[in-house]
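To keep things clear, I will list the structure first and then write my remarks on it.
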Amino acid sequence: MLLKSVRKSLYFPILVLILIFLFPLFTSAKRDQLNVLLITIDTLRADYLGCYGNRVIETPFIDKLAREGVLFKRAFAHNVVTLPSHINILTGTYPLYHGVRDNSGFRLDEKVVVLSEILKGKNYRTAAFIGAFPLDDRFGLNQGFELYDDFYGDTSHVNEFAEVERSAEKVIFRAQDWIEKNKEELWFCWIHLYDPHYPYNPPQRFKDKYPQDYYAGEVAYTDSSVGHLIKFMKKSDIDKKTLIILTSDHGESLGAHLEKTHGIFAYNETLHIPLIFYQEQLFSRPKIIHHLARHIDIVPTVLDVLSINTPKHVQGVSLVPLIKNPQKWKEQDSYFESMTPTLTRNWAPLDGIISGNYKYIDLPLEELYNLELDFQEEKNLASTESLIVKKLNVKLERVKKSSSNPEMEKKKRVTEDPETMRKLRSLGYVSGSAQKPSKK
């Protein structure tokens, strides 16, 4: 008995050491067996979520993903309208590279590689479920998707938006059905929810809860719909083998800087976006990251997690090293633009760069903000910090030169047919910005 006890005492530490060395290998081996779920919520301001500091609007389900996953506090978009922003997300490239600068007049070229194409090449089933017309398959983002569900028409409701958008619960219902049918296979699913976009018209119970702010009602409603999806996945343990990414394409001004909705300026109300990664096996310890993250970093991060090589043309970088060791992270600069007014109103081009704590907007009247001290961009420092302005202008020009794609620059704009124009106009586009909210 004593001998057996001694043997056990010797074997136990050896077993512990074996497990310690094998565990990282086990984790790595499972990384290429993860599903990928990308949720993009249109027009969602980061500061309308509890996890980004809002204490009025109830968003418990998104907050729970953030609380149990990796939350990026300083994540930024590169465009402030739907189509180019989603292309940034799904290709890992700037609009300077893929060439799509607005919702109308552009098509994604087949030569530009989309995340769905990469994963389909690795034997993933692929599907997208789209909430509204700006991402209709005619604009080119259907590349690599076996199913591109943009059937948002609803003839049971007679109104001007019946042909151009559908509610979050309808999008998620169809996505859940597809996930259920493919749960035994590897899959990539993109879900696009459009509800926070103008016109703000949440279900009645959310109107009753937020009678003075229907936009808040839309955000709360969308969160509840995300909650239904997460519950469905947890019920079947699908979440345990799925990497979930949640973000928005851009925010909403709601009157800040004299902009009612979005599509004209590029202040943080529209450029600052939520970004959450969730996977309970990989990210077992929740983290809040305060370093800058970008839409173009999503694709390389997903591929890194899945142990898939990132194509050379991708302009973002993997955020996995940042998640592992923020102290050793070398922060990247972030390019942004708002080209709709240039293309539709012949205004001066608006672009800029976020570098460290500073944000520079290149216009005839230049703007410079210290985001650490002035995230709401109320004090323009351009006139007093000329050296910083000059330095950031040089950086901006360098990014524009290095990120451009001459082949896409040569492509001519598309003349939209009357049907496309009518549908985009009904959602507030084509005229230069999303429509101004009407009083309800």
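The values are calculated or read from the model by the stated rules, or taken from the named source; none is laboratory data. Keep in mind that what you see is a predicted model, and the values were worked out from it rather than measured. No Cβ is skipped: glycine too gets one built from the backbone with ideal geometry, and neighbour counts run over all protein chains shown.
List of remarks:
- Residues in the range 85-111 that are under 21 Å from residue 188 (Cα atoms) and either surrounded by 22 or more Cβ atoms within 10 Å (Cβ to Cβ) or in contact with a Pro (Cβ under 9 Å, 6 or more places away or on another chain) (or both): 85, 86, 87, 88, 89, 90, 91, 92, 93, 108.
- Within the range 367-400, considering residues that are surrounded by 18 or more Cβ atoms within 10 Å (Cβ to Cβ) and acidic (Asp, Glu), the one farthest from residue 292 (Cα to Cα): 367
- Condition check for residue 253: surrounded by 22 or more Cβ atoms within 10 Å (Cβ to Cβ), among the hydroxyl-bearing types (Ser, Thr, Tyr), at pLDDT 95 or above and in contact with a His (Cβ under 7 Å, 6 or more places away or on another chain): yes
- Of the helices (runs of 4 or more DSSP H) contained entirely in the range 11-99, those carrying at least 3 residues that are of a type in the set (Ser, Thr, Tyr) and at pLDDT 95 or above fall at 82-91.
- Qualifying positions in the range 256-282 - β-branched (Val, Ile, Thr) and within 19 Å of residue 427 (Cβ to Cβ): 261, 264, 270
- Matching residues, the range 347-361, being closer than 18 Å to residue 259 by Cβ and not aliphatic (A, V, I, L, M): 347, 349, 351, 352, 359
- Scanning the range 318-358 for residues that are free of Cβ contacts under 8 Å to residues at least 24 places away in the same chain and more than 18 Å from the chain's Cα centre (by Cα) turns up 321, 324, 325, 327, 328, 330, 342, 346, 347, 348, 349, 357.
- Options 342, 420; residue that is surrounded by 12 or more Cβ atoms within 10 Å (Cβ to Cβ), touching a Pro at 6+ places or on another chain (Cβ under 6 Å) and either of a type in the set (Ser, Thr, Tyr) or assigned to a helix (DSSP H, G or I) (or both): 342
- The set of residues in the range 51-66 that are within 16 Å of residue 225 (Cβ to Cβ) and either in contact with a Pro (Cβ under 8 Å, 6 or more places away or on another chain) or not hydroxyl-bearing (Ser, Thr, Tyr) (or both) comprises 57, 58, 60, 61, 62, 63, 64, 65.
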